[in-house]
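Please read the structure below before turning to the comments.
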């Protein structure tokens, strides 16, 4: 697959979510293309290849081997913090659990946020005081009917702006696109394997300080995220600086 692509298409892979990048690839390939078949063929080909009888790290060097295998260098300084990245899906689902939401609440297009739903049979009353600060509902969440996918995003200002855009019918706002982007590599939850010393949370999904927003998402949804002085951008900038 790589041999048939323009190098520039590979370069933008890190700037877009996979589905958006795939649309660009398909638009630039001058022949019928099936990503499922391409992945199947690649995996099948790899499964038929034989590796060497013995892997020699010395052949490529320890630093190169670690980079290729994505192994973190051994940390001998206990003052350093080892960071780990969590799947945004698993992190969002953990936030959903905090709100008493199930997976079915998100797959049902007709679901309503428990913060504004009148269906007492579906949702148990939530004690807002026990929720983490970044998951506590904004006035907009209490007043504007909406799907619960927004409730699990741990940025109060983002949720409030999105709901105001939904309520006012902002022309440049597409809720379908926003929901799609949130589910496709738009954010990343970070944490450490030890107690947090960096003031950015302990990898808890309900703490906004643990999250980084992708550059492409910041550019696309800037009117919801805010400018470079806002918390979401500054928080993401801090995480970018750690790599």
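The values are calculated or read from the model by the stated rules, or taken from the named source; none is laboratory data. Everything numeric in this text was worked out from a predicted model, so none of it was measured. Please note: Cβ atoms are built from the backbone with ideal geometry, for glycine as well, and neighbour counts cover all protein chains shown.
Can you tell me which residue in the range 166-181 is farthest from residue 216 (Cα to Cα), limited to those that are out of contact with any helix residue (DSSP H, G or I) (no Cβ under 7 Å at 6 or more places or on another chain) and surrounded by 14 or more Cβ atoms within 10 Å (Cβ to Cβ)?
Out of the qualifying residues, it is 170.
Select from the range 137-149 the residues that are surrounded by 18 or more Cβ atoms within 10 Å (Cβ to Cβ) and either within 13 Å of residue 109 (Cα to Cα) or not assigned by TED's automatic domain parsing to the domain that holds residue 116 (or both) and list them in ascending order.
Hits for the range 137-149 are 146, 148, 149.
For the range 21-35, enumerate the residues that are within 24 Å of the chain's Cα centre (by Cα) and at pLDDT below 70.
Result: 35, single match.
Filtering the range 83-103 down to residues that are modelled with pLDDT under 85 and assigned to a helix (DSSP H, G or I), which residue is farthest from residue 182 (Cα to Cα)?
The qualifying residue farthest from residue 182 (Cα to Cα) is 103.
Might you let me know whether the range 221-236 holds any residue that is modelled with pLDDT of 85 or more, in contact with a helix residue (DSSP H, G or I) (Cβ under 9 Å, 6 or more places away or on another chain) and more than 19 Å from residue 161 (Cβ to Cβ)?
no
Look at the range 217-234 and say how many of its residues are loosely packed, with under 11 Cβ neighbours inside 10 Å and under 16 Å from the mean Cα position of the chain (by Cα).
Final tally of qualifying residues: 1.
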